[in-house]
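Just so it is clear, none of the values below were taken in a lab; they were calculated from the coordinates. Since the model is a prediction, treat every value here as computed from it, not as a measurement. Counting neighbours? That spans all protein chains shown, and the Cβs are built from the backbone with ideal geometry, glycine included.
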Amino acid sequence: MKHHLIVEMRHHGERVDKYIKEQLPEVSRSRIQTLIDLAHVTVNGISCKSNTRLKENDEIEICFPQETTLNVEAENMNLDIRYEDDDVIVINKPKGIVVHPAVGHHSNTLVNGLMYECKDLSGINGVLRPGIVHRIDKDTSGLLIVAKNDFAHQALVEQLQKKTMHRLYYALVHGVITHEFGTIDAPIGRDPKERQNMTVTAVHSKEAKTHFKVLERFHNFSLVECRLETGRTHQIRVHMQYIGHPVAGDPKYSYRKPYVDNGQLLHAHQLSFIQPTTKKEITVHAELPKEFDEILNKLRMEMR
């Protein structure tokens, strides 16, 4: 379904996301943002950003994709719960588990397991992504926070936007990084040549910033801790590839001989957030998976 709007003079200079919300109040802000991110919103036939400023007589077209209804069933997946209260639940997701169902992938997702563990989850993101505030890739392991109610969901999203939620990752990357610390400040957008990939680009991109520090060096690898300041799709994987140190085992962004064959060695090991009701700061940890730890020990042996 498509919706067409013509900008009147009184809306000249207004942001496109704010304008759409005013004209279509039944559509949530997060839904508008998603539509813009997926290039389903155009201004005069051209994809736009949320902060695009409008002019009188601009023509806006909003394409609402037809949603496929899926029956999401609860499954007992023995989730590794690292923290839980009345508002949130923090899961240590294993590598190989998809976060939410999609067409062609209806079962054995984190959401299926969450529906078994929790009677109530936030409904802001719809039936396919109940409670999901942020995601981590299928083959990335580690901590993921989920909202149990809409109040908590909105509070956690606000923390992400204000950068008061802190996420730390361990990554084993190719090459020896000689300096101790670094910041990668490079915008990320959809790769025009490979639409399933993300890339550093100035075209239809968003600000992306990753801070890293080197924890250990090996003969041909470095173990780094990455702190996300923003949360773009595949951010750490794209940024590390951009500076010439792709994540080991990454089948999408590493063009070097893989050290492992079943996905990138990337683990979300620490998550800090403000509890929505009590306002207390909560920090949760998850140790490295066995496979990741064994590879590091092997590299340490090679250094002797």
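Below are the figures for this structure:
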{"read-out": "Percent RCO, i.e. relative contact order, over segment 2-63, from Cα pairs under 8 Å lying at least 6 residues apart", "value": "52"}
{"read-out": "Integer Hz, Karplus 6.51/-1.76/1.60 couplings in order for segment 89-95, x for Gly and Pro", "value": "9, 10, 10, 8, 7, x, 4"}
{"read-out": "Structure-derived Cα extents along the principal axes in Å - corresponding label in (1) 100, 55, 41; (2) 72, 43, 39; (3) 53, 43, 32", "value": "(2)"}
{"read-out": "Taking HIS11, HIS174, HIS285 and counting other C-beta atoms within 10 Å, the order from fewest to most", "value": "HIS285, HIS11, HIS174"}
{"read-out": "Of LYS21/LYS95; LYS209/LYS298; LYS18/LYS162; LYS18/LYS93; LYS148/LYS213, those spanning more than 26 Å from alpha-carbon to alpha-carbon", "value": "LYS21/LYS95; LYS209/LYS298; LYS18/LYS93; LYS148/LYS213"}
{"read-out": "R0 of 45 Å, Cβ-Cβ distance GLU291-GLN154: FRET efficiency to nearest 0.05", "value": "0.80"}
{"read-out": "Segments 76-83, 221-228 sorted - mean Cβ within 10 Å per residue, highest first", "value": "221-228, 76-83"}
{"read-out": "Relative packing of peptides 90-99, 37-46 - highest average C-beta neighbours within 10 Å first", "value": "90-99, 37-46"}
{"read-out": "Relative contact order %, the chain, counting alpha carbon pairs below 8 Å whose residues are six or more apart", "value": "14"}
{"read-out": "Protection proxy ranking, peptides 240-251, 51-62, average beta carbon neighbours within 10 Å, highest first", "value": "240-251, 51-62"}
{"read-out": "Two-site label geometry, GLU225 and GLU14: point separation in nm, points 7 Å out along Cα→Cβ", "value": "4.7"}
{"read-out": "LYS162-ARG304 FRET efficiency (beta carbon distance; Förster radius 51 Å; 0.05 resolution)", "value": "0.65"}
{"read-out": "TYR116, TYR169 arranged by Cβ crowding within 10 Å, fewest neighbours leading", "value": "TYR116, TYR169"}
{"read-out": "Extension reserve of the PHE218-ASN197 stretch, reckoned as 0.36 nm per residue once the Cα distance is removed", "value": "4.7 nm"}
{"read-out": "Exposure proxy ranking, count of Cβ atoms within 10 Å, fewest first, for SER254, SER50, SER107", "value": "SER107, SER50, SER254"}
{"read-out": "At R0 = 25 Å, FRET efficiency that the Cβ-Cβ distance of ARG29 and TYR255 yields, to 0.05", "value": "0.05"}
